[in-house]
Structure formats: C-alpha cells, structure tokens
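The values are calculated or read from the model by the stated rules, or taken from the named source; none is laboratory data. Only a predicted model underlies this, so the values are computations on that prediction, with no experimental measurement involved. Here the Cβ is made from the backbone with ideal geometry for all residues, glycine too, and neighbour counts use every protein chain on show. SASA here: full protein model, heavy atoms, side chains in, ligands and nucleic acids out. Shrake-Rupley method; radii C 1.70, N 1.55, O 1.52, S 1.80 Å.
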Amino acid sequence: MKKNTYQDDRISTLEQLKAYLDISPQIEKKLQRVLQAHPMLITPHYASLIDWTAPNDPIMKMAVPSCEELNLEGSYDTSGEAENTKLPGLQHKYSETALVLVTNTCATYCRHCFRKRLVGLPTEETLKRLDDATEYIKKHPKINNVLVSGGDPLTICNKSIERILDNLTKIPHIKFIRFGTRVPVTYPNRLDDKELLGIFKKYATNEKRLQIVTQFNHPKEICPKSIKAVSNLIDTGVLLNNQTVLLRGVNDRPDILASLMNGLVSIGVSPYYVFQCRPLARVKNHFQVPLFKGLKIVENAKAQCNGLSKRFKYVMSHVTGKIEILGIMDGEIYFKYHEAKDRKNLGVMFKHPINKSAGWLDDFNPFEIQTNIEPKSGHAPSSPVIKWEIQEAKRVKQKTINSDLLLTE
Ligand code: SF4
C-alpha cells in the first residue's frame, strides 16, 4: 500500500462536508469546536454508503460530527485502560491477553469511538518500540494471545504489520493473534492489496490461526466491496469474528440488529459480541442506549436470528471486567462476569433492580446489589465480591472527574 492512500480523497474539513450537507453558520461554529477536539476523516467508500438526503442516516451518524459531541458528560477511559497500561502501547488487563495499540490512525474516525482520546490526535499511548512489547509478552507466559489494535492496525504499512506478526508468532506461548479493525467496513479497497493478503496467508498457519475482529454495526455496511474484502481475507486462511456496538439511531432496532447478524453469517463473519456503548465523554449522550432497552432489543433481535447468528453475547467492557448482560426476571436485571480483571470473579453472577435509564453498571445504586446468584466455589454468599464491587464502583466514579486531560475545547 502506498503511504496514506486512504487519506488522499477523504472528507476531513467542514468545507468538504458542505459539498454534501447544508450547514448553517451557527451549526458550523459548533462543529468547528467539535473538530478541534476530535478530527473528522471519512473515506470515499464510507461516504458513498451515506444517504445524504436522509438526516437520520445511520452511516452518517457514525461518521459525521454532531453538535451533541460537545456534551462532556462521561469519561475518556471507561474500562481502566490507563491503569492496565504496562508500557506505552501495551495493556495487560486479563492474564491471558495482551493488548497492543500500534497506531492512532484509522481509515475513518468513528464518532462513537471509545478511544476518541487518541485517534487522530497526538498521543503517547501507542507503541513506540515493538521490541519492548515483545519482551514484556515473553516474560509473561500466561499470555496466550495478543490483540493488535489502535486506532486501526490495518492502516499501518505492510512492513510493520509483518514485523508485528513475525515477532509475536515466534513466542511459543502465543497461540493466536487478533487484529481489531474497521478497515473491511470503511476502507475495503485496502484488502485488495495482494502484498498484505500474502502476509496474512504466511502467518495464518494451521497451528496459530490469525483472527480478524471486524466492527460491522449496520446492515448497510455489508455491501459488495466489504463482502469482497471479507472474502479476500477468508481466502488467506484468517478467521473472522465481529463486534458490534449498540448505538442509538444506528442499530437500536431488533430488525436492524437481526438483519446485521444474519448478513454477517451469510458472508462468513461470526457474530461475537454486541457491546454496550460506553459512558464516554462526547459519546454517551449521543449514542448510548439504556441497558433495559438494550436487552429488549437484543432479545427481540435474537428471535429473528438462527443458531449461528444469535451466538453473540451482549456485554459491557467495565473497569472490573467484561460483564455479560444476561436478561430480566422478576423486576431485576441479571449480569455475569464473562472476563474479570480479578480472576476470582470469573463467572460470578449478580443482579440489580431494574433502573430503566441506567446505561452502565455504575448507574445502578451499588447498595442495591442483591447477591451472587450462584456463588462459585470459594465465594461465600455473604460475598466479599459484592463489597469489593461497591468499593470499585465508588472508585470509578471518583476517577472520572479529571479524565478530560488530553483534549481542549
Ligand atoms: S476504526 Fe476503531 S479505533 Fe478507529 S475510530 Fe473507528 S472505532 Fe475508533
């Protein structure tokens, strides 16, 4: 790939945007403030998916800045990424998984991005020296997989991608590597690059499969070009799973979510997670769907799915772990730790009385936590876990206060 070819004809200024949309002078002023904080970048392909005459077009909502991004309620780090950072660009939250942030660039800057604090902005949070990350991983034999993320790792050059794969696949205890990317969705032409596909083919061996984790959020994103991108990837031997973010005004209808999941299975991508949108500054008020409503949407969508397309879990990436939002029964919402920062909480279930406006675990009154439903061996029903969680919830609330350090209005 030539350097930054995806940026050549991008939409990145309000002047360019005005070729597609009428923007009043008042709105323009506000949007300038948004762009000073978080840049805009939209590839021609992604722009071509937008119906510019429809003010509520879902693709437009994900790509075009909105005045609602001036709302700073929330935090820039909702899942404890700062405290899990072991060296610049390497996070280690769950014992088996290392997360490396290899870039702050993306093909398109998603308005709902949970790493808004760094995408397209100067940052110290991305990897500076691959060798340092490799050494860290070598010294931690419990790490059996690496998630390569960013920004979007498929926007870096082929040579760097190959170096990453070469280094990581040589570590005996690394059993698989994942790349988290929106490139198949926002810049599918990148996956016509035979050199890149050759690299994937070389490293997607029978013993150590490569996994590509895509983020399709709406059925409109499944189009001939993205289908071809997925097909090219499948031909290299990589495996594809999809993470969707539940987004208000984008996919918060059962029929849309079901159509997305059924469509993904058709093209060879396995639905993996539906993520609850995080309570992120500039995102929460714009995109978050309350958990109660989210559960209804997910359950009704699953009723329109087949066995394969309903395999995904509805989860929340909380500072304490990945929490599955299981369902509602007798006026209460049930949760379960699918992943836990503190391993003793793995599999622990708990419940809260329904709060129809709660969008995140911390929105429930921690003193309303009922009990562990089925304590794992070693957890007494009197529950140290619950006490721990109450303390944790308090701590998270305190931590959010000063999180808006990186960006200026
Ligand atoms: S591609 Fe991923 S990292 Fe980049 S802006 Fe979109 S969600 Fe964020």
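Whole-percent P(r), segment 157-273, all Cα pairs, 10 Å bins from 0: 14, 45, 29, 12, 1. Once both labels are positioned 7 Å from their Cα atoms along Cα-to-Cβ, the gap between GLU15 and CYS223 label points is 2.6 nm. The Kirkwood radius of segment 1-104, taken over pairs of alpha-carbon atoms, gives through the Stokes-Einstein law at 4 °C and 1.567 mPa s a diffusion coefficient of 79 µm² s⁻¹.
Comparing LYS170, LYS284, LYS220 in a Gaussian network model of the chain (Cα springs below 10 Å), the most mobile by mean-square fluctuation is LYS170. Comparing LEU35, LEU197, LEU21 in a Gaussian network model of the chain (Cα springs below 10 Å), the most mobile by mean-square fluctuation is LEU21. Placing R0 at 45 angstrom, the Cβ-Cβ distance between ARG253 and LEU87 gives a FRET efficiency of 0.60 after rounding to 0.05.
Once divided by 2.2 N^0.38 Å, the Cα radius of gyration of the chain becomes 0.97. Calculated FRET efficiency, GLN26 to ASN300, Cβ-Cβ distance, R0 = 22 Å: about 0.05 to the nearest 0.05.
Our coupling estimate for segment 247-253, obtained by passing each phi through the Karplus curve with A = 6.51, B = -1.76, C = 1.60 and θ = phi - 60°, is 10, 4, x, 10, 9, 8, 9 Hz, Gly and Pro reported as x. Calculated accessible area for segment 143-243 comes out at 37 Å² per residue, all protein chains present (probe 1.4 Å; ligands, DNA, RNA ignored).
Computing FRET efficiency as 1/(1 + (r/R0)^6) for LEU308 and LYS175, where r is the C-beta to C-beta distance and R0 is 25 Å, gives about 0.55. Remark: spin-label model distance LYS142-ILE354 equals 3.9 nm, labels positioned 7 Å along the Cα→Cβ axis.
Counting helices only, and only those DSSP H runs with n ≥ 4, report the 222 nm mean residue ellipticity of the chain as the sum of -39,500 (n - 2.57) divided by its residues, in deg cm²/dmol to the nearest 500. Estimated from H runs of four or more residues: -8500 deg cm²/dmol. Close amide H pairs (under 5 Å, H built 1.01 Å from N) link LEU147 with ALA98, LEU99, VAL100, ARG178, residues at least 5 positions away or on another chain. Across ARG163, ARG190, ARG209, mean-square fluctuation computed from a Gaussian network of the chain (C-alpha pairs under 10 Å connected) peaks at ARG163. Considering only the Cα atoms of segment 14-72, their convex hull presents on average a projected area of 4.0 nm².
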